[in-house]
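Below is one structure, written out as structure tokens; the observations come after it.
The values are calculated or read from the model by the stated rules, or taken from the named source; none is laboratory data. These numbers come from a predicted model, not from an experiment. Glycine gets a Cβ as well: all are built from the backbone with ideal geometry, and neighbour counts include every protein chain shown. Ligands, DNA and RNA are excluded from the accessible area calculation, which covers all protein heavy atoms including side chains. Shrake-Rupley method; radii C 1.70, N 1.55, O 1.52, S 1.80 Å.
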Amino acid sequence: EYRPMASITKLMTAMVALDHSKDLFRQLQLNTTVRSNLPRGTYTRQELFNAMLVRSDNAAAETLAGDYPGGRREFIWQMNQQAKAWGINATFRDPTGLDRNNMATAGDVGTMAAYASGYWVIRDASVKKTVAFERKFKKKLRKIQLNNTNRLLLMEFDEIIASKTGYTGPAGYCVALVVEHQKQRRVIVVLGERNKARRTDTVQDIMYNHVLDQNLQDPSY
């Protein structure tokens, strides 16, 4: 079923931004046209990747997209071109996932997540349980802590090597995970759950009953 994927979109945003430039220390002015967990100011690209993949920060995604040659419009065009090149049947209309027309099937989201797990920046950032930033505010250092939107599952399963949640009204509660167990990688995709608890329950069921105990059956069957 072709469905909205919400902020899982940010996996493609991260890949296109990293393909454009591997420089993680270049500073960018935060885009303030959308809501953010970050105060106004400049941030390194690495900080923006962390905010986008840990806390799903929309301003971080828009900032990275705006930095692309030709700007945001060219960035979104490249997201769609990259999907086609990889045989992913997805449509992207913005870099954040707020647009309900960012759509794909669960299978295509899984393919996208598998590609994303090949980028060390995405693997590193997306499984951090929390990140902290220090910014000067009225001549004092202010600490900003962002918790991962998938913190509960990350605390429960060490096997997760890449992760991205998503939620909008049209999309429901979504998540894409790449997990590694006994040297085998699998992708778990949940789209359109009714609430966060159901999303968590679904992943737990898949992990415990189809991933972690996969070798417990009698091999003769």
Exception for ALA90 within (1) buried (at least 22 other Cβ atoms within 10 Å of the Cβ); (2) within 20 Å of LYS128 (Cβ to Cβ) falls at (2)
Over the stretch 150-184, the set of residues at pLDDT 95 or above and in a loop (DSSP other than H, G, I, E, B) is ASN150, PHE157, ASP158, GLU159, GLY169, PRO170, ALA171
Taking first residues from the stretch 175-194 that are at positive phi and second residues anywhere that are assigned to a strand (DSSP E or B) and surrounded by fewer than 22 Cβ atoms within 10 Å (Cβ to Cβ), the pairs with Cβ under 7 Å that are 6 or more apart or on different chains are GLY192/ARG3; GLY192/GLY172
Counting only residues in the stretch 132-149 that are assigned to a loop (DSSP other than H, G, I, E, B) and touching a residue at least 24 places away in the same chain (Cβ under 8 Å), the one least open to solvent (accessible area, probe 1.4 Å) is identified as ASN148
When the stretch 95-131 is checked residue by residue, the ones that are in a loop (DSSP other than H, G, I, E, B) and either among the aromatic types (Phe, Trp, Tyr) or open to solvent by less than 10 Å² (accessible area, probe 1.4 Å) (or both) are PRO95, THR96, GLY97, ASN102, SER117, TYR119
